[in-house]
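One structure below.
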Amino acid sequence: MTTPTMFSAIPVLLSLDVPATVNFYTTMLGFTCPYQDSGFAILQRDSVYLHFTGCSEQHLVDWSSCRVAVDGVDALYEQCSSQGIVHPNSKLEDTDYGTREFGIVDIHGVLITFFERKSQAA
């Protein structure tokens, strides 16, 4: 019997205002929006998909986060830094577990950490 293999995951994140979230990710981070209605959106950049669903409770949105693997984390950091969207406590750094990473917080408080693997660790 063949062992199942997983290839990717699509996080469903929370948004206080789905149209505003779509605007942020398309304008600031270069995502496209292949689908949107008033309470749900699918955002895509390269092979990464993020789904956002409407939520009216800030404390739940504040706990919404994900990590996105990238190539070229330094260039993405420069782009995000110049736009003022890097989280002040999550500047670009090398970790002990083999990644180089930084985080942003979107307009509603969702944390997205972008990372690049420096080795096979992580």
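Return the pair list, or none, for Cβ contacts closer than 8 Å from residues in segment 58-71 that are closer than 20 Å to F102 by Cβ to residues that are hydroxyl-bearing (S, T, Y), at least 6 apart or on different chains.
S65/T113; C66/T113; R67/T113; V68/T113
Return the total of residues in segment 1-53 being touching a strand residue (DSSP E or B) at 6+ places or on another chain (Cβ under 7 Å), of a type in the set (G, A, S) and free of Cβ contacts under 8 Å to residues at least 40 places away in the same chain.
Total meeting the criteria: 3.
List pairs: first in segment 82-98 and in contact (Cβ under 8 Å) with a residue 24 or more places away in the chain, second assigned to a loop (DSSP other than H, G, I, E, B) and among the polar types (S, T, N, Q), Cβ under 7 Å, 6+ apart or cross-chain?
Short answer, once both residue conditions are applied: G98/S119.
No lab work stands behind these numbers, since they all come straight from the coordinates. No experiment lies behind these values; they were computed from the predicted model shown. Positions of Cβ are backbone-derived with ideal geometry, glycine not excepted, and every protein chain shown enters the neighbour counts.
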